[in-house]
1. Going through segment 87-115 one residue at a time, which ones are open to solvent by less than 90 Å² (accessible area, probe 1.4 Å) and either assigned to a loop (DSSP other than H, G, I, E, B) or in contact with a strand residue (DSSP E or B) (Cβ under 7 Å, 6 or more places away or on another chain) (or both)?
2. Does segment 46-68 contain any residue that is of a type in the set (Lys, Arg), open to solvent by 80 Å² or more (accessible area, probe 1.4 Å) and either over 26 Å from Arg1 (Cβ atoms) or not in a loop (DSSP other than H, G, I, E, B) (or both)?
3. Asp36 - would you say it is assigned to a loop (DSSP other than H, G, I, E, B) and surrounded by 10 or more Cβ atoms within 10 Å (Cβ to Cβ)?
4. Has segment 3-10 got any residue that is among the polar types (S, T, N, Q) and modelled with pLDDT of 90 or more?
5. Answer yes or no: is there a residue in segment 26-33 that is touching a residue at least 24 places away in the same chain (Cβ under 8 Å) and surrounded by 12 or more Cβ atoms within 10 Å (Cβ to Cβ).
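The values are calculated or read from the model by the stated rules, or taken from the named source; none is laboratory data. Keep in mind the model is a prediction, meaning the values are calculated, not measured. With ideal geometry, Cβ positions are generated from the backbone for all residues, glycine too; neighbour counts draw on all protein chains shown. Please note that ligands, DNA and RNA were not included when accessible areas were found on the heavy atoms of the full protein model with its side chains. Shrake-Rupley method; radii C 1.70, N 1.55, O 1.52, S 1.80 Å.
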Amino acid sequence: RVQATRAAVPLVGDAREDWKIVRALSEVVGETLPYDSIKAVRARLAEVAPHFAVISNLQKGVWMNGEYIKALPSTQPQNAPLSSPIDNFYMTDAISRASQTMAKCVQARQTMRST
């Protein structure tokens, strides 16, 4: 369900709305996006994904009608067990990586694994 939101508090200092940050970044990289208002961004979203044009109404999921699955490349199930591509889950965020305590915990965990 697509929902419309309103700002709960006014922006402080140099803070900007997300779409304005993305628009400014597009200028810096030399590929300026053609959107000068949130209305223009929402119009483009509705053009690309029509369900974005219908606010606050529950809609049937496009992945449930079979078309989504048909568009995926055909693959056969594997007999191999599932595995995570993340080697160290406990250090996947900046706060944990900056923590001396977490570094000690990870080191202890690696020591336990190797013995």
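1. The answer is Asn88, Thr92, Asp93, Ser99.
2. If we filter segment 46-68 for residues that are of a type in the set (Lys, Arg), which is where we start, we get 60.
Filter once more, keeping what is open to solvent by 80 Å² or more (accessible area, probe 1.4 Å): 60.
Now drop any that are not either over 26 Å from Arg1 (Cβ atoms) or not in a loop (DSSP other than H, G, I, E, B) (or both), which leaves none.
Scanning segment 46-68 turns up no residue that is of a type in the set (Lys, Arg), open to solvent by 80 Å² or more (accessible area, probe 1.4 Å) and either over 26 Å from Arg1 (Cβ atoms) or not in a loop (DSSP other than H, G, I, E, B) (or both).
3. Values: assigned to a loop (DSSP other than H, G, I, E, B): yes; surrounded by 10 or more Cβ atoms within 10 Å (Cβ to Cβ): yes.
Yes.
4. Residues of segment 3-10 among the polar types (S, T, N, Q): 3, 5.
Now restrict to residues that are modelled with pLDDT of 90 or more: none.
For segment 3-10, residues among the polar types (S, T, N, Q) and modelled with pLDDT of 90 or more: absent.
5. In the first step, residues of segment 26-33 are kept if they are touching a residue at least 24 places away in the same chain (Cβ under 8 Å); the result is none.
Among the residues of segment 26-33, not one is touching a residue at least 24 places away in the same chain (Cβ under 8 Å) and surrounded by 12 or more Cβ atoms within 10 Å (Cβ to Cβ), which makes the answer no.
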